[in-house]
Structure formats: C-alpha cells, structure tokens
C-alpha cells in the first residue's frame, strides 16, 4: 500500500514539531555522513531550532573554518575582511567617544579651557552647578541618615539609663534595708542559731552617727527612727539584750 503524501506546512503542535525536527535532523546528518564516506565530499551543516538550539555536522576530514575559507575562495569574496572593517569602524567610534569624555573630564578639572567659547563655558558652568546640586543632595541624605541612626542609638542609651536608674531606686527602697519583722528568718539569714541575739536596723539623726553607750540604757531620750531604705551609709544595727 502506498504511503500518503505528507502536506508540507508548519506543525502547530510544539511537542510534535520538536519530535519531527529531531527525527529529520538525525536523518539529514546520517545522509550527510553517507555522502562524506561514499563520495569523499566535504560537508558542513549548521542548524538552529525554533528553541534557539544549535546543531552542527561537519565532515571528519575538515573543520568549519576550512569550509568557510573554501567557500570564500570559490565565490571570490572575503567574509573576514568585511567583518574586520565593521569592527574597525566600531572601534573608531569608541575611540572618539573616549576622547570626548577625557576632554570633558579635563575641562571639569579646569584644564583645556583655551578652545572653549563663551557659550561653551556658560554651559560647562551650568553642568558643574547641576552636578554640585546632585552631590549636595546625596551628601544631605547621607548626613540625615547618620543623624537618624545616632538619634536611635541615643534613645536606646537613654532607655537603658532610665532602666538602670529605676533598678537602683528600687534597690534603695527595698524594705529589707529596714526593720525585719520576722526575727527567725533574719537570724537564720545572718547565720545565728535559734535564740541568738536579736538585731534591729535603725537610721540615726544626721549629727549623731556615733552614739554613746549609755543611749542603750536610757530609752526615754530621743528614739532613733526606723531605717526606711534611704541609703546604706546611715544604717546602724543594734543588738537587743534579753
């Protein structure tokens, strides 16, 4: 049964298109290899798929450059010369741009100004003023950012300082600096056995930090006030006799 003729048109389905491309590419390369062996031909095939993948076949007895050289010799053209001329033209333009930039840099440094006319000098001054404005704005942004950072650090330090002050005040006002109500716990804390001497902490008047011994016996004189945690420097302890 004869095979039906395949209509030649673009395969719309992408998967089918890639499968067909792969099969026919392999078949084409196989035929090129057969021509190389059977007929001693020099063959070079370059293929680029719709997905931009490059596939190439070159006869084992020759290189791609040799094929191109053979092509130029046969058709009497110079591909490399044309390409070289384009590269030279592009290089010339780049050199011109570089010269202009170097001249602009020298002029902004106050050099090479002799060839400038009045309008060119005015334009140069305006360009430099605009550049200075941009630099100033950038500088102010940097300064502002540093100021904000410093303020944040200062607020953190102040917060830490306030916390330390509160802790210090709380320790100064701790009731353990005053009269101990639970005598047993106080004795135990100080290391005295049960029934040891009882101790009371009092705050003396400012001018009487060193009381005389007879104050212990005459309780009808001025009574020292109980210590309320105003400071450890005026704290005095007395052993109460049984």
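Only the coordinates and a few stated rules stand behind these numbers; no lab work does. Computed from a predicted model, the values in this text were never measured in an experiment. Heads up, the Cβs are rebuilt from the backbone with ideal geometry, glycines too, and the neighbour counts pull from every protein chain shown.
Here are some notes:
- Extension gain, residue 149 to residue 65, is 23.9 nm, computed as 0.36 nm per intervening residue step minus the present C-alpha separation.
- For segment 117-171, the percent of C-alpha pairs falling in each 10 Å distance bin, counted from 0 to the bin holding the largest distance, reads 21, 21, 16, 15, 12, 8, 5, 2, 0.
- Normalised by residue count, segment 58-156 yields a Cα convex hull volume of 235 Å³ per residue.
- Calculated FRET efficiency, residue 123 to residue 98, Cβ-Cβ distance, R0 = 25 Å: about 0.75 to the nearest 0.05.
- Ranking of 112, 82 by count of other Cβ atoms within 10 Å, fewest first: 82, 112
- Taking 84, 118, 21 and counting other C-beta atoms within 10 Å, the order from fewest to most: 118, 84, 21
- Rg to Rh quotient for segment 9-75, alpha carbon positions, Kirkwood Rh: 1.07
- In plain terms, the residue of 33, 90 with the fewest other Cβ atoms within 10 Å comes first and the most crowded comes last, giving 90, 33.
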